[in-house]
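Asks: Pasting a structure below so you can have a look.
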Amino acid sequence: MDRIAVLTSGGDAPGMNACIRAVVRTALNYKMDIYGVNRGYAGLIKGELTRLNTRSVSGIIHKGGTFLNTARCPEFKDEEGLKMAAEALSAYGIEGLVVIGGDGTLRGAKDLSEKFGIKVMGIPATIDNDLAYTDYTVGFDTSVNTVLWAINNLRDTFHSHDRVGLLEVMGRNCGDIALYAGVAGGAEYVLVPEIPYDLDKISASIKKSYLRGKTSNLLILAEGAGDADEIAKIIEQKSGAGVKVTKFGHIQRGGSPQMFDRVLAARFGYKAVELLMQDADSCAIGIRDNKVITVSYEEVAKAPSRFDKRLYDIAHILNL
Ligand code: ADP
Ligand code: F6P
């Protein structure tokens, strides 16, 4: 394979730049031509491709976001959009594509490879860590560390005022950010979409904790597990404690990638290009038990949820 392209799609994640850099430098090492697609599938449909060289990816390894930009592109879910993307690749003589993004991005990769026979290697990159076939996605670790920074600050002030804090973090279908930040930050309660919770019980337990002299409680809520303001109101009514809500928002999606995400990005990016070089079948790349793995897009779609219930239980035993 002589000519390939790389794009980032869906929500940006810290480590995407490090991953693009790995793809570009590996491709150049194999003497391939490498193109960058601007704005994910949206730019691919419009033929927004630029030739990249080793200097194009200088000075980006430590930067959050993605220098290729990203987008959500509903048109790509239709046959017409896919066809336009395939035509753009063909016009540039591109034989293989590396896509870096979340579950939607990998679904798009499956369609493009199955319907138009293009070799597409998928790299999981999303702060949500919501792809069940891989232990980790690029961006998750950095995002959790950013949430931890917020937890540390919230603890200082809530502890001083004897308050209950409710911190909403991202994760519509997956509670991993809340779970890992909760365990590492010592939050008393972790509310996630995967596990039902009982606000009566939580409120009663908060009330009891105050009676035994505890001065503050912190709840971490994954955004998909309920409405933060509603939950705070209920807990206030039932426990009598004042609850302060913080919605952390997009701060947790930016920032310089941490070591784990940079190394993961390097391993994934290298593997994706190596597979294209070997003319391997289209697939998604992941990590399991610290080994880089490849998984068919069929398996990606079928992988059962692997929410770590044991860690969730440990969180509530250690932190109450
Ligand atoms: P992420 O990749 O972070 O999960 P999205 O879910 O927004 O983000 O998906 C990114 C893009 O992938 C979408 O804007 C769309 O272009 C494409 N995509 C999402 N779902 C599908 C699908 N079912 N089939 C084809 N393409 C899809
Ligand atoms: O998929 C990543 C993510 O940050 C989710 O955690 C969040 O729900 C969503 O994207 C927010 O999307 P947007 O930036 O388009 O509002």
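The values are calculated or read from the model by the stated rules, or taken from the named source; none is laboratory data. All figures in this text were calculated on a predicted structure; none of them were measured in a lab. No Cβ is skipped: glycine too gets one built from the backbone with ideal geometry, and neighbour counts run over all protein chains shown. Heavy atoms of the whole protein, side chains included, go into the accessibility calculation; ligands, DNA and RNA do not. Shrake-Rupley method; radii C 1.70, N 1.55, O 1.52, S 1.80 Å.
Asks: Restricting to helices (runs of 4 or more DSSP H) lying wholly in the stretch 160-271: which have 1 or more residues that are aromatic (Phe, Trp, Tyr)?
Replies: Numbers: elements: 176-185, 199-211, 228-239.
Ranges flagged: 176-185, 199-211.
Asks: Ok, one more. With the requirement that a residue be open to solvent by 10 Å² or more (accessible area, probe 1.4 Å) and either aromatic (Phe, Trp, Tyr) or within 15 Å of residue 311 (Cβ to Cβ) (or both), what does the stretch 186-205 give you?
Replies: 186, 189, 194, 195, 197
Asks: Cβ contacts < 7 Å: first residue open to solvent by 10 Å² or more (accessible area, probe 1.4 Å), restricted to the stretch 159-179; second residue among the hydrophobic types (A, V, I, L, M, F, W, C) and within 16 Å of ligand 1 (Cβ to nearest atom), any location; separation 6+ or different chain. Result?
Replies: Cβ pairs passing all conditions: 170/127; 170/177.
Asks: Moving on. Go through the stretch 115-149 residue by residue and tally those that are within 16 Å of ligand 1 (Cβ to nearest atom), open to solvent by 10 Å² or more (accessible area, probe 1.4 Å) and among the hydroxyl-bearing types (Ser, Thr, Tyr).
Replies: So the count comes out to 2.
Asks: Oh, and also: What are the pairs, 6+ residues apart or on separate chains, where a residue within the stretch 107-136 that is in contact (Cβ under 8 Å) with a residue 40 or more places away in the chain and assigned to a helix (DSSP H, G or I) has its Cβ under 9 Å from a residue that is among the hydrophobic types (A, V, I, L, M, F, W, C) and surrounded by fewer than 19 Cβ atoms within 10 Å (Cβ to Cβ)?
Replies: Filtered contacts from the stretch 107-136: 107/301; 110/301.
Asks: Hey, could you check the stretch 76-106 for residues that are near ligand 1 (Cβ under 9 Å from one of its atoms) and assigned to a loop (DSSP other than H, G, I, E, B) and say which is nearest to the chain's Cα centre (by Cα)?
Replies: 102
Asks: Counting just the residues of the stretch 1-31 that are under 18 Å from residue 88 (Cβ atoms) and open to solvent by less than 30 Å² (accessible area, probe 1.4 Å), which one comes out nearest to ligand 2 (Cβ to nearest atom)? Before the answer, list the steps.
Replies: If we filter the stretch 1-31 for residues that are under 18 Å from residue 88 (Cβ atoms), which is where we start, we get 1-9.
Checking the rest, the ones that are also open to solvent by less than 30 Å² (accessible area, probe 1.4 Å) come to 4-9.
Details: 4: 26, 5: 23, 6: 20, 7: 16, 8: 12, 9: 11 Å.
Going through the qualifying residues, I end up with 9.
Asks: I'd like the full set of residues that are part of a loop (DSSP other than H, G, I, E, B) and open to solvent by 30 Å² or more (accessible area, probe 1.4 Å), limited to the stretch 54-63. Show your work before the answer.
Replies: Initially, the stretch 54-63 is screened for residues part of a loop (DSSP other than H, G, I, E, B), giving 58-63.
Answer for the stretch 54-63, where residues must be part of a loop (DSSP other than H, G, I, E, B) and open to solvent by 30 Å² or more (accessible area, probe 1.4 Å): 58, 59, 61, 62, 63.
Asks: Return a yes/no flag: does the stretch 217-232 have any residue that is open to solvent by less than 10 Å² (accessible area, probe 1.4 Å), away from ligand 2 (no atom under 16 Å from the Cβ) and in contact with a Ser or Thr (Cβ under 7 Å, 6 or more places away or on another chain).
Replies: Yes, some residue in the stretch 217-232 is open to solvent by less than 10 Å² (accessible area, probe 1.4 Å), away from ligand 2 (no atom under 16 Å from the Cβ) and in contact with a Ser or Thr (Cβ under 7 Å, 6 or more places away or on another chain).
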